[in-house]
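Quick notes on the structure that follows.
The values are calculated or read from the model by the stated rules, or taken from the named source; none is laboratory data. The shown structure was predicted, so the numbers you read here are calculated from the model rather than taken from an experiment. For neighbour counting, all protein chains shown are included, and Cβ atoms are generated from backbone atoms with ideal geometry for every residue, glycine included. With ligands, DNA and RNA removed, areas are computed over all heavy atoms of the protein, side chains included. Shrake-Rupley method; radii C 1.70, N 1.55, O 1.52, S 1.80 Å.
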Amino acid sequence: MPKVKKKRLSFVIDMTPLVDITFLLLTFFMFTAKFKTEAESQQKFFIQRPKVTADTSKIPERNLAIVKIAIRDTVDGVIVNDTTYNYELVNESDRQQVWASLEGLPDKVKAKPMLENISLDLLSTVIRNTRITNPKTVFAIDADKRIRYKWVWDAMEVMRKNRATIFNYVTEKKSGL
Amino acid sequence: MSGASGGLSAPERIKRGKHSKRKKRKRIGFALDMTPLVDITFLLLTFFMFTTTMAAPQVMEMSMPPEGDVKIEVRENELMTLRLRDDGKLFFNMANDEPKPVEIKDLRKIAETENLRPEIQNKLITVFKVSEDAKYGDMVKVLDELNLAEIKISDVLSQKKDEKGEPVKRKRKFTLAPLDTSDLRLIKGL
């Protein structure tokens, strides 16, 4: 008598290699992941950084103050379409102290992790207060490559007046050679 | 997969009495249902893959003299002037020569040869004058070329010995300045 073929109802896939690879990738991405800061995730503009050849110096992760000079379409819903100064401090405790030390600033602005669209005078005050709060702070200028050089020069002059004479230009690595 | 006949769900156990006369089969292997594990792992994997930023921005360090202009006398022949006009054109001249237009990509070669001239080696001061209306991106490009030239300059210098017999260290002298009207007159029509 011929055997009655059983109908296969289900089958089993060996998932072990899949899991191996997935875990490998997972651990890799977990260790390399760097999370955006609060200010970065709330940032509503994009800076086209100038591209330069590869350098070994990376942007520091702590004790960093960034002056962002960017072209913005809007600030709080108001159309500006112009270059603006924005200021960000990486150390959260420093940020709270410096923001609190600024007089005449509305609470709404103080609650934000980044000072947006500030004047040169305010920038000067903020830089001075930052240096008082944490003298180890490193300053960086993160400017859009399309902006007029005057904006960068003015920011540099402000820094110089506040004795922040060593600073960094934030750049991006040129792709390819 | 030995022993798994119940498909993806766990195999059902056959209940046996305490004194069952059936012979116990020795288990050789077992199947582990990995589906939920894979689910979670993939979820985490995609999360980390999308949130991670691979290329951290790099920085270019600059230092400026503190305020308080102290006039320093400089020999004219030890001066290299670069001027960047608002249309992105770069002009180069040594000492009091007439400025010549140069391409930004050729600047590296020029900076190398000028800096390595025997009579002004390690003494040359680079002055970079940038127009207020020039693009910041162009200015950084010029700085990048100058930085690239440093590789060769410091390499050549380190092969030479000073009076003490130690390799010569590169002392870079660089300054940024605004482009004023007299500069503009010099490069007008070029």
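A cut-off of 5 Å between modelled amide H atoms, ignoring neighbours fewer than 5 places along the same chain, links A:TYR85 with A:ASN117, A:ILE118. Is chain A rounded, prolate or oblate when judged by the Cα gyration tensor, a ≥ b ≥ c being the square roots of its eigenvalues, rounded requiring a/c under 1.5 and prolate requiring a/b larger than b/c? Prolate, because a/c is 1.5 or more and a/b exceeds b/c. Each peptide in A:125-133, B:149-157 receives the mean, over its residues, of other Cβ atoms within 10 Å, and ordering these scores from highest gives A:125-133, B:149-157. Checked against a 25 Å cut-off, the cross-linked pairs B:LYS129/B:LYS171; B:LYS100/B:LYS160; B:LYS129/B:LYS188; B:LYS109/B:LYS169 give Cα-Cα distances beyond that limit for B:LYS100/B:LYS160. Among the listed pairs A:LYS112/A:LYS161; A:LYS44/A:LYS112; A:LYS44/A:LYS110, those whose Cα-Cα separation exceeds 21 Å are A:LYS112/A:LYS161. Per residue, the accessible area of the stretch A:12-134 comes to 57 Å², computed with a 1.4 Å probe over protein heavy atoms only. Only protein heavy atoms count here, probed at 1.4 Å, and on that basis chains B and A bury about 4800 Å² of accessible area in total.
Between B:GLU67, B:GLU76, B:GLU166, the GNM of chain B built on Cα springs shorter than 10 angstrom shows B:GLU67 fluctuating the most.
Taking θ as phi - 60° and the Karplus parameters 6.51, -1.76 and 1.60, the scalar couplings of the stretch B:140-149 work out to 5, 4, 5, 4, 4, 4, 5, 5, 5, 5 Hz in sequence order, x denoting glycine and proline. Expressed as a whole percent, the accessible surface of the protein assembly as shown that belongs to carbon and sulfur atoms is 55, based on a 1.4 Å probe. Each residue of the stretch A:90-107 is assigned a 3J(HN,Hα), and the resulting list reads 7, 6, 5, 5, 4, 4, 4, 5, 5, 4, 5, 6, 7, 8, x, 9, x, 4 Hz, derived from the Karplus form 6.51 cos²θ - 1.76 cosθ + 1.60 (θ = phi - 60°), x at Gly and Pro. The solvent-accessible area of A:LYS136, taken with every protein chain present and a 1.4 Å probe, is close to 150 Å². Counting only DSSP beta bridges with both residues in the protein assembly as shown, what percent are antiparallel, rounded to the nearest 5? Antiparallel: roughly 55 percent of the beta bridges in the protein assembly as shown. In order along the stretch A:15-24, the phi-based Karplus estimate (6.51 cos²θ - 1.76 cosθ + 1.60, θ = phi - 60°) of 3J(HN,Hα) comes to 9, 4, x, 4, 5, 4, 5, 4, 5, 4 Hz; Gly and Pro are listed as x. What shape does the stretch A:107-153 have by the C-alpha gyration tensor, where a ≥ b ≥ c are the square roots of the eigenvalues, rounded means a/c under 1.5, and otherwise prolate means a/b greater than b/c and oblate the rest? Here the stretch A:107-153 falls in the oblate category. Among beta bridges identified by DSSP and lying wholly in the stretch A:38-173, the antiparallel ones come to about 55 percent.
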